[in-house]
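Below is one structure, written out as structure tokens, with a few remarks after it.
The values are calculated or read from the model by the stated rules, or taken from the named source; none is laboratory data. Keep in mind the model is a prediction, meaning the values are calculated, not measured. Neighbour counts are summed over all protein chains in view; Cβ atoms, including those assigned to glycine, are modelled from backbone coordinates with ideal geometry. Remember, those area values only see protein heavy atoms, side chains included, never the ligands or the DNA or RNA. Shrake-Rupley method; radii C 1.70, N 1.55, O 1.52, S 1.80 Å.
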Amino acid sequence: MIACLTAVLLAVAAPAAWAQTPSPLQEWQYESGVVLANLFEPNLPKWRVIAGPSAQLQPLYDGARSYHLEAGPLIDVRYRNIFFVSVGEGLGVDLLRGTHFRAGASLGYDLGRSVSEDSTHLRGLGDIAPAPVAKLYSSVVLARKFPAVLRVDVRQFIGGADGMVGDLQAYMPLPGSSRTFVMFAGPAITFANHRYLQKEFGVTAAQAAASGYPSFDARAGQNAEGVGFSATWFVTPTWLINVEGALNRLLGSAGDSPIIERRTQRVVTLAVGYMW
């Protein structure tokens, strides 16, 4: 297991996804393996760059029944696991780091939600504008012999959904991994404040009149739980294929909202990356 971890930490891929928050994937999937580098491979290359094409199958919006396929880039640039620019993690820096942990801040981007994505079910609810998202995060590895990772993050929307979201998560390498094929998996719980949930899942009196949905006031608290899976195949020392999958279930006010068509959401991504 230690040998395969060393291999993956030299070339772990960011998932194939546009920067969307809350992510259709689990937040830990955007960093899977990065924190383990501080423990197993302290002498990483100064720069590491991974780039390539990707595609993602995901719901049209949180709670939608219909899905769509979206193409996008896989981009992950890191300087000594300190500074990074990533499609998944955004632009950020590890402010604190050690052999067993990383903690820092990043700035990402939320794509928002447009009525035109599903005019039948979103009519009268209005658009949610795209917006920057500031994030604080922290990950810790439990032990070298048991490399499970615990992770927490808090995200603040700057406009758009204009609220706060947080995650409690865990993941670890799976048995069966090797030097050329590495797998991670783990669960997640997501919480959100009233402002965010009302914007995403609530229905105001004006929206009720325009859409036909009943008025709905969302409550702050836990709004989702899920599990994620990540697999990376190193076809050659420089070429890799990354597959990500996640299953989420909307809970609380998010699951009770009248605009929700389906509580359980599934996401699958595929990327081909070149590393140098």
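General remarks:
- Heavy-atom accessible area per residue - the chain, 1.4 Å, Å²: 42
- For the chain, the fraction of C-alpha pairs farther apart than 24 angstrom is 47 percent.
- Each Lys and Arg Cβ is given +1 and each Asp and Glu Cβ -1; about its Cα centre, the chain then shows a dipole of about 700 debye.
- Cα centroid separation, the stretch 42-82 to the stretch 179-246: 15 Å.
- The dipole here belongs to the stretch 126-259: it is taken about the Cα centre, uses +1 on the Cβ of Lys and Arg and -1 on the Cβ of Asp and Glu, and is about 560 debye.
- Rounded to the nearest 500, the 222 nm mean residue ellipticity of the chain from helices alone is -3500 deg cm²/dmol, with -39,500 (n - 2.57) taken per DSSP H run of at least 4 residues.
- With a Förster radius of 25 Å applied to the beta-carbon distance between ASP256 and ALA231, the computed FRET efficiency rounds to 0.15.
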